[in-house]
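Undergrad: This is the structure I want to talk about, given as structure tokens.
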Amino acid sequence: MTSEAASPVTDVRVERATVHDGEGIARLINYWAAQGQMLPRTVGETYENLRDFFVVRDGDRVIGCAALHITWADLAELKSLAVDEAIHSRGIGAALVHACVEEGRTLGLERLFALTYRPGFFERLGWQQADVMNLPRKVWNECYRCPKFPGCDEIAMTLDLDPLPADPAPPLEASTSA
Ligand SMILES: CC(C)(COP(=O)(O)OP(=O)(O)OC[C@H]1O[C@@H](n2cnc3c(N)ncnc32)[C@H](O)[C@@H]1OP(=O)(O)O)[C@@H](O)C(=O)NCCC(=O)NCCS
């Protein structure tokens with residue numbers, strides 16, 4: 001694939017990661033980490049958190065990934081969002097965010113957050129900038145091992161999730177008149 005064409009990918013299949021994706025996820029994340037765009041991950045950390053991950057594949061190759069990591073009963077972090085540079089701007093990033101948001105709703109979470117250098121990308125998807133100081137301190141768990149801590153310049157984004165609609169009321173039984 002080349003980086004020149006920017007035609008939309010019409011059939012983006014976002015799927016749950018399997019063990020076969022672990023190295024590909026780590027490779028993709030560490031490509032962007034080397035450019036200072038996100039935190040690096042070891043392959044071991046990737047396997048340990050594999051059940052958080054969604055992926056988009058081109059054949060067997062991971063070309064996009066994102067993870068939804070639960071922080072507390074009402075909060076989860078969307079993290080490790082990365083798309084192969086050669087296939088950017090075709091909607092894969094948005095599709096991965098969408099999968100995480102839908103899972104967050106299904107899980108009953110109230111709010112998602114992300115720490116990013118791409119606030120505009122998230123704003124287009126309905127997220128809002130937030131003051132990181134208003135997020136629970138627990139979200140800083142990983143920050144302590146970041147080379148940029150405590151001078152972090154990532155921007156906190158949040159998305160409040162609408163609750164799933166309540167089950168529709170069961171149909172009233174037809175009244176039987178004697
Ligand atoms: C941020 C990132 C995940 C976006 O992935 P992507 O697949 O390019 O995302 P999308 O294609 O959905 O959207 C990217 C842009 O393409 C545009 N776009 C989306 N679909 C498009 C299409 N069919 N045709 C043309 N442009 C399109 C969007 O408007 C968006 O514009 P924006 O960047 O100005 O917001 C990717 O650039 C990346 O991996 N960056 C490095 C790691 C990183 O910063 N991760 C985020 C940390 S939380």
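Undergrad: Only residues that are within 11 Å of the ligand (Cβ to nearest atom), of a type outside the set (A, V, I, L, M) and within 24 Å of Tyr47 (Cβ to Cβ): list them for the stretch 86-112, please. Lay out the reasoning, then the answer.
TA: In the first step, residues of the stretch 86-112 are kept if they are within 11 Å of the ligand (Cβ to nearest atom); the result is 86-98, 100.
Still in the running and of a type outside the set (A, V, I, L, M): 88-91, 93, 98, 100.
Within the stretch 86-112, Gly93, Cys100 qualify.
Undergrad: Kindly indicate the residue of the stretch 49-64 that is of a type in the set (D, E, K, R) and within 21 Å of Leu115 (Cα to Cα) and also nearest to the ligand (Cβ to nearest atom) among those meeting that condition. So that I can check it myself, show each step before the final result.
TA: Of the stretch 49-64, the ones of a type in the set (D, E, K, R) are 51-52, 57-58, 60-61.
Adding the requirement that they be within 21 Å of Leu115 (Cα to Cα) leaves 51-52.
On the way: Arg51: 19, Asp52: 14 Å.
Residue satisfying both the conditions and the ranking: Asp52.
Undergrad: Take Ile87 and decide whether it is surrounded by 18 or more Cβ atoms within 10 Å (Cβ to Cβ) and over 16 Å from the mean Cα position of the chain (by Cα). Let's see the steps before the verdict.
TA: Numbers: surrounded by 18 or more Cβ atoms within 10 Å (Cβ to Cβ): yes; over 16 Å from the mean Cα position of the chain (by Cα): yes.
It is true that Ile87 is surrounded by 18 or more Cβ atoms within 10 Å (Cβ to Cβ) and over 16 Å from the mean Cα position of the chain (by Cα).
Undergrad: While we're on this one: Here's a check for you: in the stretch 65-83, which residue that is near the ligand (Cβ under 8 Å from one of its atoms) and not hydrophobic (A, V, I, L, M, F, W, C) is farthest from Thr18 (Cα to Cα)?
TA: My answer is Lys79.
Undergrad: Is it the case, given these coordinates, that Gly36 is within 13 Å of the ligand (Cβ to nearest atom) and on the phi > 0 side of the Ramachandran plot?
TA: Details: within 13 Å of the ligand (Cβ to nearest atom): yes; on the phi > 0 side of the Ramachandran plot: yes.
Spelling it out, Gly36 is indeed within 13 Å of the ligand (Cβ to nearest atom) and on the phi > 0 side of the Ramachandran plot.
Readers should treat all values here as calculations from the given coordinates under stated rules, not as data from a laboratory. Model, not experiment: these values are computed from the prediction. Backbone-built Cβ (ideal geometry, glycine too); neighbour counts: all protein chains shown.
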